Amino acid sequence: MRPIRSALNRIRHPAILAIGLVLAAAILIEMGVYSSQNLLSWSTVRISLIVAVLCAMLGIAPAWVSCLLFAVSGYALLWLFSPLTTIMIAALTSIAVLSFTKPRLGASASLIAFAALTVNNTQNQLTASNIVGMTVMCLCPLSLGFGLNLLLAQRQATAALRRQLDRERTARHLHDTISNDLAYMILRIDQASHDDPPADQNQYQLRLADLRAIAETALDHTHQVIRQLEHADESNDIAHISQTNEDMAGRKAKQQRERLEDIIQTQQRRLKSLGFQGDGILGTFDHPLADDILDLLEGLLNELYANIAKHADPDAWYAVTISFDRQHVIISASDARNNNETQIGLGSGLERYRTVIESISGTFTVTDNADGWNAEIAIPLFQTDSSAARTYQT
């Protein structure tokens, strides 16, 4: 079984293997028909068997097997004058396979075939129709192989781009969730290390429970990332099929608002435990947000609150507001910088969001001066460019 598995693993192009096996069977059948009528010489039979074996091996090593198949089948056609039509098909197939796997070798094989046919036909009267026929015979497999090669290259490029976008989305999710959770834990631990230990045992247990809840959140976010990597995320089923589209839209908008409110309340509780005071205001929206807009907004909110926890002055008031108009989500954030702040992380989260938002025709304006730090962000709700829409998921 192990040699069989090893041989199967070497098959890079199952379609080429299937074509080669069918062609090998056709050669054997046609050879049997002609042999029963005593129309084949022993040398032709031997060459035909070699061609059939090479056709059967096409799927294992397409490049060098196709070169041998081109040479052997060409020899059979030009010097043995084989009556087997399948030998000619094998020669054309070798050109097509070479053009697909090694385009330069395919073009060279096509030129060699055209030159060999021209030399062979010079013994007879070479007419314009013969030249056209030879040209078409050589160009058809060449163009077929080139076309398939370009199609495969395009699919590979698309798959590579999709993998890159998935990696970037995962990296952003890691930064927006797990790294911010851990940064908040570090801030809480630093706060506890500077404060006197609580005399009340219950208060001490509450601090431990809070830290444990943060760790559980980080663990849950880790599991979410793992599910994304494994493509195991499950979509929510529709509960009532009989609901109208308007009812479903209202339900979805309500669920989205609850998700955003939960993020704001959780982040405000965290900031309050660190000594911050401020407001988080969420406006209303009647129609549901697109999934990519919601993902972008959730990540941005987490990053803004994490930015406040890391760099703002706990004694100054902070504010985060989210409002909606017909075409944009408008986010405003303000705080006062802490001159004695402890730098945690790379601080590249907001810069990455700026790049994403500006790439989809949004605006991201930040002012940082003695009066405080302010951010005004506008995210468009609708996109007509599909490439821009994909940017949300990076």
Run down Gly59, Gly20 and say which single residue is touching a Gly at 6+ places or on another chain (Cβ under 8 Å) and either assigned to a helix (DSSP H, G or I) or surrounded by fewer than 16 Cβ atoms within 10 Å (Cβ to Cβ) (or both). Gly20
Of the criteria (1) in the same structural domain as Val22 (by TED's automatic domain parsing); (2) surrounded by fewer than 19 Cβ atoms within 10 Å (Cβ to Cβ); (3) closer than 30 Å to Leu39 by Cα, which one Ser66 fails: (2)
Filter the stretch 283-342 down to the residues that are among the small types (Gly, Ala, Ser) and surrounded by fewer than 19 Cβ atoms within 10 Å (Cβ to Cβ) and list them by number. Gly283, Ala290, Ala316, Ala319, Ser323, Ser332, Ala336
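Got a number for residues in the stretch 71-112 being part of a helix (DSSP H, G or I) and either among the aliphatic types (A, V, I, L, M) or farther than 24 Å from Leu151 by Cα (or both)?
Final tally of qualifying residues: 25.
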Matching residues in the stretch 308-332 (assigned to a strand (DSSP E or B) and either basic (Lys, Arg) or farther than 17 Å from Tyr184 by Cβ (or both)) number 11
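I'd like to know if the stretch 102-123 contains one or more residues that are under 29 Å from the mean Cα position of the chain (by Cα) and over 30 Å from Leu350 (Cβ atoms).
yes
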Residue identified as within 26 Å of Ala249 (Cβ to Cβ) and modelled with pLDDT of 90 or more among Gly362, Gly299, Gly280: Gly362
Check off (1) in a loop (DSSP other than H, G, I, E, B); (2) surrounded by fewer than 15 Cβ atoms within 10 Å (Cβ to Cβ) for Ser43 and give me the number that stays unchecked. (1)
Can you find a residue that is among the hydroxyl-bearing types (Ser, Thr, Tyr) and modelled with pLDDT of 85 or more anywhere in the stretch 329-338? yes
Any idea which residue in the stretch 216-266 is modelled with the highest pLDDT, counting only those that are exposed (fewer than 13 other Cβ atoms within 10 Å of the Cβ) and of a type in the set (A, V, I, L, M)? Leu219
I'd like the residue in the stretch 264-321 that is among the hydrophobic types (A, V, I, L, M, F, W, C) and without any contact (Cβ under 8 Å) to a residue 40 or more places away in the chain and, out of all such residues, is nearest to Pro380 (Cα to Cα). Leu294
Is there any pair with a first residue in the stretch 362-380 that is farther than 14 Å from Asn307 by Cα and a second that is assigned to a loop (DSSP other than H, G, I, E, B) whose Cβ atoms are under 8 Å apart and which are 6 or more apart or on different chains, and what are they? Ile377/Gly362; Ala378/Gly362; Ile379/Ile360; Ile379/Gly362; Pro380/Gln327; Pro380/Ile360; Pro380/Ser361; Pro380/Gly362
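The values are calculated or read from the model by the stated rules, or taken from the named source; none is laboratory data. What you are looking at is a predicted structure, and each value in this text was computed from that prediction instead of being measured. We place every Cβ from the backbone using ideal geometry, glycine too, and count neighbours over all the protein chains shown.
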